[in-house]
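S.K.: This is the structure I have questions about; it appears just below.
The values are calculated or read from the model by the stated rules, or taken from the named source; none is laboratory data. If you're wondering where the values come from, they're calculated on a predicted model, not measured in any experiment. Methodologically, a virtual Cβ is constructed for each residue, glycine included, from the backbone with ideal geometry; neighbour enumeration extends over all protein chains shown. We work out accessible area using only protein heavy atoms, side chains counted, and drop any ligands, DNA or RNA first. Shrake-Rupley method; radii C 1.70, N 1.55, O 1.52, S 1.80 Å.
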Amino acid sequence: DGPWAAQAQTTGEAASGSYGWLELEKNEYCKTAPTPPSKLDERSTYPVTSFEEQVNAEDRLMVQGWRQENDLETVMQSCPFTDVSAAESAQCGDATTNYLTGLWLFALPAFGGILSLLLWGICCLVALCRCCRRCCLCSERKGPRGAQVWQKCAVAVVALGCSVTNFAASLTAFGYSGDVSMGFNDMLCQLLVMADETLNGSPSEPNFLGVDEGIQRISMVRRLLDVDGRAMTDVRAILDETASFAASMDALLMRISHMKRVLTLVGQHKIMEHTCWFCERSIGNNATGDIGLLNELTLTIQQSSADAMRSIQQAAESTLTGKPLVDVSGAVQRGNVALEVFKRGYASTMVEGYGGSASLIKTLEDARHTVFRFMCAFCVLHACVISNVAIYQTRRSKAKYPGSMPSFVTWFCGFCAATLGLLFAGGSVLVAIPISEVCHFWRYDIFTHEGISDYYRQLGLLELGSPTKTANPLAVDVWRTCFAPNGTGDALAALQLRDKLDFQRVLQDGFISLEDKMAGAVVDIAKFELLVSQARSFGGLFILSPEDPLPLEPNAASKMIGSSLDADDREGPDGESLIYGLNTYASLIAGPGQYSFAHGTAGGGTLITATTPTAEEVSGELMVRQNALIYARLKEQILSAPDVFRCDTMDATFQVVERTCGFEEFKASVLNYAEQVRDAGVLLGQEAQSARQLIAYDLQSSLGQLLFEVKALRELFMCRFLWKRWEDFDLSLCNIALPGLLQGAL
């Protein structure tokens, strides 16, 4: 992986260059964020938290209670934001104007602040004019009047109440201002983290390639899959050179399958109370746990390097040649275009739209927070110090004509506090309403499975160069899988490439398996020779084994049951037991010389054939002898019937011709099957040895870079964590900053 990894790293650096500034911005903004971004796992599902169950949900919904309907939705529907025509621009302008006009009622506090500012100027003018101060309303230099006790108490209560209320409201507003500042700082940090990880990727927690590098890698995969490219040309050449190995492997498996099929047809049922021993030995017995010679051969082949090489061949041939290669290459090309569309839309909305305003937002928020804290401190100073000092000084004054300066200062500060309070309250409400409606819109309208496809133009998910401005369905699916509440997070599946690129997993597993099996022999010739040897010796071994045995002579029953169709006695397959033949069976019926088999070698006595002696002819004999003769006739029927067995043939093209046959032909066919299997196994060993270098090394080298690139895409392109990033961003803005704005304004 060394050179490919280095090239991939270079490719990734080039990909991240266009939005490399995001990382610097992210580090700068998150350095002072109250809540640092959490470490996430790209493969976690991150279940959705209901918006109504989040913190401060009631405060967030406050504006919706005021407005009833989300008027911002009309603006969003009228403003596509990308590839806007003149008519659409005019329509968008009208909708925006109507929306802003609808906010006039909530601008009343700001208008009140402006009015207070005008009134403040008038009052200041009066205070500065000596003549005005001596009017009947101001009465400057008039003698003070005596105040009654209740009037003094009323002034004290009002002054104390106003001071306490002003003090408490100022501290509360100061706290909410901190929430707003914290929410906006967290929001900017989360936004930039999300944008940076989406476009530039993340090396760990989460481990994600990033859209930029994903585009570069998909483009590289597309070039490597070029039908006329070097990699695919080498693949076709290697497959052609190893075609004889593939043919020998397929021939061996077909020969084994054919032999297994015929022996299964013959051995699945007893033939005239006789069991085919070699059939059971070859195909196995579930009752005894014997897997059978043929199954053992198949298992040996599956565990050999030949099977691993053939699996690699088949995977490469089925996906990297002909029409499958064209299909995969076309799917990769479509996925690359879709990812470009997604990047363009995401960058225009989330990065250049929101992220590009991060500096302005932070500057404005820092200024707001600073001025707001100063205003709160000023209000506290006015409530607790200035007003009370003015009252105290006026009360303690000994002058005949008390000066107006304390009252003037209190008056001036009161107007200042009221004006700033109204302006800040009005401004906060005017900012909070669009934010609230934006939060409601993207939560319940746009960032849903249906909403992403409905508002594809607002998200910039347009087909590149499409005059009809249609949506790119794959880009829409990528946005859904990453940012919809029910998204899977599998970006490669959204691009419809996970199944198409599954050949990487198959080939990678095949090469690993081949490396593990390289030390062993390709085929075990001894097992093939054992099959031939047993077919030659026991291919015609049929044992008398009735399901419900008839009564036989007690002394002879153990020899009759288990006897074979051979003329003479023979050694059993275990090398120790003795299997009795036809001659011995005949002597056990009524004694030596009384009966003989037509297919036996011992003459004399009554001849046993497939039909004689009949049941009537031996009706006078003992029942045990009649039963023995029943089994004897069955033996002759097996030996003489021309169509009891199956001797299907398979030609060079693996076409099977079904045909029935007799006992002797069946024996010869079984031996022929075994020899064909052995010869195919020997040939496979030779061909595999020749193909090993080409498949294990040359093919792996030709596909190395392609497999590396595809593996990175398959393993490092899970984006479900972006939903969590979006949730954190949304929570910071809509559930922390927004409620702070509203409560601070109130």
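S.K.: Per residue of segment 608-621, in order, report the coupling 6.51 cos²θ - 1.76 cosθ + 1.60 (Karplus, θ = phi - 60°) as ³J(HN,Hα) in whole Hz, putting x for Gly and Pro.
M.R.: 9, 10, 5, 10, 10, x, 6, 5, 5, 5, 10, 5, x, 6
S.K.: So what's the net charge close to LEU694: Lys and Arg +1, Asp and Glu -1, counting the other residues with Cβ under 12 Å from its Cβ?
M.R.: Once all neighbours under 12 Å are counted, the net charge is -4.
S.K.: If you take the charge dipole of segment 612-682 about its Cα centre, with +1 on Lys and Arg Cβ and -1 on Asp and Glu Cβ, which of ASN627, ALA641, ALA652 is farthest toward its positive end?
M.R.: ASN627
S.K.: Shifting gears a bit: Can you list residues whose amide H is under 5 Å from THR606's amide H, if they're 5+ apart or on another chain and H is modeled 1.01 Å from N?
M.R.: HN-HN under 5 Å from THR606: TYR595, SER596.
S.K.: Per residue, how large is the accessible surface of segment 223-299? Use a 1.4 angstrom probe and give square angstrom.
M.R.: With the other protein chains kept in place, segment 223-299 gives 46 Å² per residue.
S.K.: For segment 490-552, with every protein chain kept in place, what is the accessible area per residue (1.4 Å probe, Å²)?
M.R.: On a per-residue basis, 46 Å².
S.K.: Using a ≥ b ≥ c from the Cα gyration tensor of segment 148-246 (square roots of the eigenvalues), is it rounded, prolate or oblate, where a/c under 1.5 gives rounded and otherwise the larger of a/b and b/c decides, a/b for prolate?
M.R.: Judged from the Cα gyration tensor, segment 148-246 comes out prolate (a/c at least 1.5, a/b above b/c).
S.K.: I'd like the distance between the alpha-carbon centres of segment 497-556 and segment 238-301, rounded to an integer number of Å.
M.R.: Their Cα centres are 6 Å away from one another.
S.K.: A further question follows. May I ask for the distance between the Cα centers of segment 718-735 and segment 614-643, given as a whole number of Å?
M.R.: Comparing the Cα centres of segment 718-735 and segment 614-643, I get a distance of 88 Å.
S.K.: Further, regarding this structure: Given the rule -39500 (n - 2.57) for each run of at least 4 DSSP H residues, summed and divided by the residues of the chain, what is its mean residue ellipticity at 222 nm, to the nearest 500 deg cm²/dmol?
M.R.: -20500 deg cm²/dmol
S.K.: Ok, one more. Which net charge results for the neighbourhood of TYR580, defined as the other residues with beta-carbon distances under 13 angstrom from its beta-carbon, given Lys and Arg at +1 and Asp and Glu at -1?
M.R.: -1
S.K.: Let me ask something else about it. For ARG646, what residues show an amide H to amide H distance below 5 Å, using hydrogens built from the backbone and excluding near sequence neighbours?
M.R.: For ARG646, the qualifying residues are CYS661.
S.K.: Hey, for a label at ALA598 modelled as a point 7 Å past Cα toward Cβ, could you say which residues of segment 276-312 have their backbone N under 15 Å away?
M.R.: Within reach of a label on ALA598: no residues.
S.K.: In nm, to one decimal, how far is the VAL227 label point from the THR470 one, both placed 7 Å along Cα→Cβ?
M.R.: The modelled label-to-label distance comes out at 2.5 nm.
S.K.: Moving on to the next point. Gain in length, ALA247 to CYS153, computed as 0.36 nm per residue apart minus the alpha-carbon separation, to one decimal in nm? Intermediate results must be reported in sequence, preceding the final value.
M.R.: Working: separation 94, 0.36 × 94 = 33.84 nm, distance 11.19 nm.
So the chain would gain 22.6 nm between ALA247 and CYS153.
S.K.: Here's another thing I want to ask about it. Provide, in order from the shortest bin, the percent of all Cα-Cα pairs of segment 424-560 in each 10 Å bin, continuing until the bin that contains the maximum pair distance.
M.R.: 9, 16, 14, 12, 9, 9, 10, 9, 6, 4, 2, 1
S.K.: Roll a 1.4 angstrom probe over the protein heavy atoms and tell me the percent of accessible area of the chain that is carbon or sulfur.
M.R.: Answer for the chain is 58 percent, counting heavy atoms of protein chains only.
S.K.: When only alpha-carbon atoms count, how far does segment 582-626 stretch along each of its three principal axes, as whole angstroms with the largest first?
M.R.: The Cα atoms of segment 582-626 stretch 26, 20, 13 Å along their principal axes.
S.K.: Give the relative contact order (percent, whole number) for the chain; include only Cα pairs under 8 Å separated by 6+ residues.
M.R.: Value for the chain: 26 percent.
S.K.: List every DSSP H helix in the chain whose Cα atoms extend 27 Å or more along the helix's own long axis and whose mean Kyte-Doolittle hydropathy is at least -0.5.
M.R.: Helices meeting the criterion: 108-128, 149-200, 243-267, 322-346, 358-381, 405-441, 663-693.
S.K.: Give the dimensionless ratio obtained when the Cα radius of gyration of segment 315-383 is divided by 2.2 N^0.38 Å.
M.R.: In units of the globular-protein estimate, segment 315-383 measures up at 2.47.
S.K.: Using a 1.4 Å probe, what is the accessible area per residue for segment 610-746, in Å²? Provide the component values of the computation, followed by the final result.
M.R.: Details: 5430 Å² over 137 residues.
Accessible surface, normalised per residue, equals 40 Å².
S.K.: Using a simple spin-label model with points 7 Å from Cα along the Cα→Cβ vector, what separation in nm is obtained for ASP651 and TRP104?
M.R.: Going by the 7 Å Cα→Cβ label model, 9.4 nm.
S.K.: Shifting gears a bit: Which longest uninterrupted range of the chain lacks any GluC sites (Glu not before Pro) assigned by DSSP to a loop state (not H, G, I, E or B) and surrounded by at most 10 other Cβ atoms within 10 Å?
M.R.: The answer is 70-546.
S.K.: Please work out the ratio of the alpha-carbon Rg of the chain to 2.2 N^0.38 Å and round it to two decimals.
M.R.: Against the empirical 2.2 N^0.38 Å value, I get 1.73 for the chain.
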